[in-house]
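Here the structure comes first, spelled out in structure tokens, and everything after it is commentary.
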Amino acid sequence: FMGGGGEGSDRAWQLDFRAAAVRRRTGGAGIVLLTATPAKNSPLEFYNLIQFIDPTAFTKAGIRDPEQFIDRFLKIEYREVLDSTFEVTKASAVTGFKNLDDLRTIIFTYAEFRTAAEVGLKLPRPVVETLTIQMDDEQEAKYARYVAQIEEILRNPNPEGGQSNAIVGLLARLALVALHPALDEGYS
């Protein structure tokens with residue numbers, strides 16, 4: 001990934017250099033990327049992927065860097081989110097898109113989206129199995145404590161105090177404690 005801070009991964013740089021070499025030899029054509037998940041983590045991944053195919057794709061639209069891509073196409077709002085310690089905090093979050101027609105025009109110039117059925121791919125049927133595993137005593141105690149905290153907040157809601165927002169963090173802790181008794185304890 002080359003769109004964020006830092007220097008980018010070695011593999012990303014290798015792909016960038018190889019793509020540039022192919023474009024030089026072919027007059028700008030010849031780069032094909034295949035992926036089942038083109039922008040799984042962030043819409044900014046579209047910017048990076050299309051840059052490999054045509055480095056001028058966004059500059060033609062007046063977008064010279066990832067920050068301008070964000071400003072032009074992403075709706076960012078200040079929202080309550082969970083931080084790495086599972087506390088509710090306020091942070092900037094992508095909540096939608098702007099200028100979506102322009103973004104689609106750029107993406108569909110370089111991208112083709114097909115379903116598995118359209119390309120004749122037979123997907124395996126999912127097999128769902130539920131395994132019930134008993135929690136140990138430490139897990140049970142922590143789980144009960146978090147459930148009690150959630151129930152207390154629900155019994156005595158205080159919209160002004162923001163306490164109801166803590167439920168999101170407590171639910172995340174419940175899921176972690178169900179896996180391992182120490183997962184809710186954060187980083188050291």
What's the total number of residues in segment 54-109 that are among the aromatic types (Phe, Trp, Tyr) and without any contact (Cβ under 8 Å) to a residue 40 or more places away in the chain?
4
Looking at 49, 103, 123, which is the one that is of a type in the set (A, V, I, L, M, F, W, C) and outside the structural domain of residue 37 (by TED's automatic domain parsing)?
123
Has segment 35-44 got at least one residue that is within 18 Å of the chain's Cα centre (by Cα), at pLDDT 85 or above, part of a loop (DSSP other than H, G, I, E, B) and closer than 17 Å to residue 108 by Cβ?
yes
Just for segment 45-66: of the residues that are within 26 Å of residue 119 (Cβ to Cβ) and of a type in the set (A, V, I, L, M, F, W, C), which one is modelled with the highest pLDDT?
57
Would you tally the residues in segment 99-132 being among the β-branched types (Val, Ile, Thr) and assigned to a loop (DSSP other than H, G, I, E, B)?
6
Filter result for residue 152 (surrounded by fewer than 11 Cβ atoms within 10 Å (Cβ to Cβ) and not in a loop (DSSP other than H, G, I, E, B)):
yes
Taking the options 69, 108, name whichever one is of a type in the set (Phe, Trp, Tyr), loosely packed, with under 11 Cβ neighbours inside 10 Å and modelled with pLDDT of 90 or more.
108
Any residue at all in segment 81-90 that is at pLDDT 85 or above and touching a strand residue (DSSP E or B) at 6+ places or on another chain (Cβ under 6 Å)?
yes
So, first residue more than 23 Å from residue 50 (Cα to Cα) in segment 111-128, second residue surrounded by 10 or more Cβ atoms within 10 Å (Cβ to Cβ), Cβ within less than 6 Å, six or more apart or across chains; the pairs are 123/116
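The values are calculated or read from the model by the stated rules, or taken from the named source; none is laboratory data. Everything numeric here is computed off the predicted structure, so don't read it as measured data. In this analysis, Cβ positions are derived from the backbone assuming ideal geometry, glycine residues included, and neighbour counts consider all displayed protein chains.
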